[in-house]
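**Student:** The structure under discussion is supplied below as structure tokens; questions concerning it will follow.
The values are calculated or read from the model by the stated rules, or taken from the named source; none is laboratory data. Computed from a predicted structure; not experimentally measured. Cβ: placed from backbone, ideal geometry, glycine included. Neighbour counts: every protein chain shown. Just the protein is used for accessible areas: all its heavy atoms, side chains included, with ligands, DNA and RNA removed. Shrake-Rupley method; radii C 1.70, N 1.55, O 1.52, S 1.80 Å.
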Number of protein chains: 2
Amino acid sequence: MSNGMKIEKSGNIAKVAVEAKGAKDVEIRWLISKEDGAENFAMRMFELQPGGFTPLHEHRHEHEVFVIEGEGIFVFEGREHPFNREYVIFVPPNEEHQFRNSGNSVLRMLCLIPMSAA
Amino acid sequence: MSNGMKIEKSGNIAKVAVEAKGAKDVEIRWLISKEDGAENFAMRMFELQPGGFTPLHEHRHEHEVFVIEGEGIFVFEGREHPFNREYVIFVPPNEEHQFRNSGNSVLRMLCLIPMSAA
């Protein structure tokens, strides 16, 4: 750490359970957040165990997602879109969505949000 | 594509050479940009061939970086910081920095910036 710079193996950053209603077997690492000096957007990594899912919900902020490993289903407007590693997903504001792990191994993905929503 | 949603394998998104002065063997894919409806920040993927590097420069916006594969050196304030896959790097504004591929294979990393700098 120097002058606000951060360089760190992501696996060394603390992982905590996501306790949100409607979530199952989801954990999160806050890779880059306001505490690191980031003012505009935050980078998080989500880890979903097989069978796990994020809440089916909507909110006023967008998501920018990049899939690191695993297989999943992206639910958007009631339709299911399969994805796997190296997929990129843009979720616009105010649209109902959900991520599900549909594979037999962990699903890991980056999900970035504007800092106003962090 | 539906209501501004985007889901796409990142390797299918166009890759173009980075022609910036001081860059060598660098290509970029704009994974999520203003054209996709993103208003706050943009997600790009950089691909550096062995021996390639980004410009040694500074600017008013921050970077949020996640390393997909490969090995590299992050230069910051004249010091060299080695990294490899799954490293996360936060580059604060107005600090001189550079990324170099120090390995024998391609270095691929996500680099996000505020839309005001895109």
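**Student:** Need the failing condition index for A:Gly11 against (1) closer than 27 Å to B:Ser116 by Cα; (2) not in a strand (DSSP E or B), just the number.
**Tutor:** Result: A:Gly11 fails condition (1) only.
**Student:** Same structure, new question: All but one of (1) under 28 Å from B:Lys9 (Cα atoms); (2) at the interface with chain A (Cβ under 7 Å from one of its Cβ atoms) hold for B:Asn104; which doesn't?
**Tutor:** With (1) under 28 Å from B:Lys9 (Cα atoms); (2) at the interface with chain A (Cβ under 7 Å from one of its Cβ atoms) applied to B:Asn104, the lone miss is (2).
**Student:** Take the conditions in contact (Cβ under 8 Å) with a residue 60 or more places away in the chain, facing chain B (nearest Cβ under 7 Å), under 22 Å from B:Met45 (Cα atoms) and crowded, with 20+ Cβ neighbours inside 10 Å and apply them to A:Leu112. Does it pass?
**Tutor:** Yes: the conditions hold for A:Leu112.
**Student:** Consider B:Leu48 carefully, then state whether it is facing another protein chain (nearest Cβ under 7 Å), at pLDDT 95 or above and open to solvent by less than 60 Å² (accessible area, probe 1.4 Å).
**Tutor:** Considered against the rule, which asks whether it is facing another protein chain (nearest Cβ under 7 Å), at pLDDT 95 or above and open to solvent by less than 60 Å² (accessible area, probe 1.4 Å), B:Leu48 comes out as no.
**Student:** Another question, then. Would you confirm, using the coordinates I've provided, whether B:His81 is part of a loop (DSSP other than H, G, I, E, B) and not hydrophobic (A, V, I, L, M, F, W, C)?
**Tutor:** Criteria not met by B:His81.
**Student:** Give the stretch B:35-45 a look and list any residue that's touching a residue at least 24 places away in the same chain (Cβ under 8 Å), more than 7 Å from every other protein chain (Cβ to nearest Cβ) and farther than 16 Å from A:Ala117 by Cβ, or say none.
**Tutor:** B:Ala42, B:Arg44, B:Met45, listed by residue number.
**Student:** Another question, if that's okay. Output yes when any residue across the stretch A:95-107 is assigned to a strand (DSSP E or B), surrounded by fewer than 16 Cβ atoms within 10 Å (Cβ to Cβ), polar (S, T, N, Q) and free of Cβ contacts under 8 Å to residues at least 60 places away in the same chain, and no when none is.
**Tutor:** no
**Student:** Ok, one more. When residues of the stretch B:63-74 are filtered for being on the phi > 0 side of the Ramachandran plot and either open to solvent by 30 Å² or more (accessible area, probe 1.4 Å) or touching an Asp or Glu at 6+ places or on another chain (Cβ under 6 Å) (or both), how many remain?
**Tutor:** Of the residues in that region, 0 qualify.
**Student:** Which ones in the stretch A:14-32 are farther than 26 Å from A:Ser102 by Cβ and assigned to a strand (DSSP E or B)?
**Tutor:** A:Ile32
**Student:** Return yes or no: is A:Ala42 under 27 Å from B:Ile13 (Cβ atoms), touching a helix residue (DSSP H, G or I) at 6+ places or on another chain (Cβ under 7 Å) and part of a loop (DSSP other than H, G, I, E, B)?
**Tutor:** Judged against the criteria, A:Ala42 is not a match.
**Student:** Let me ask something else. What about A:Arg60, is it touching a helix residue (DSSP H, G or I) at 6+ places or on another chain (Cβ under 8 Å), open to solvent by 60 Å² or more (accessible area, probe 1.4 Å) and more than 19 Å from B:Val65 (Cα to Cα)?
**Tutor:** It is true that A:Arg60 is touching a helix residue (DSSP H, G or I) at 6+ places or on another chain (Cβ under 8 Å), open to solvent by 60 Å² or more (accessible area, probe 1.4 Å) and more than 19 Å from B:Val65 (Cα to Cα).
**Student:** Among the residues of the stretch A:75-94 satisfying the criterion of being within 7 Å of another protein chain (Cβ to nearest Cβ) and charged (D, E, K, R), which is least open to solvent (accessible area, probe 1.4 Å)?
**Tutor:** Within the stretch A:75-94, the match that is least open to solvent (accessible area, probe 1.4 Å) is A:Glu86.
**Student:** Also, I was wondering about something else. With the requirement that a residue be more than 7 Å from chain B (Cβ to nearest Cβ) and modelled with pLDDT under 95, what does the stretch A:1-18 give you?
**Tutor:** A:Met1
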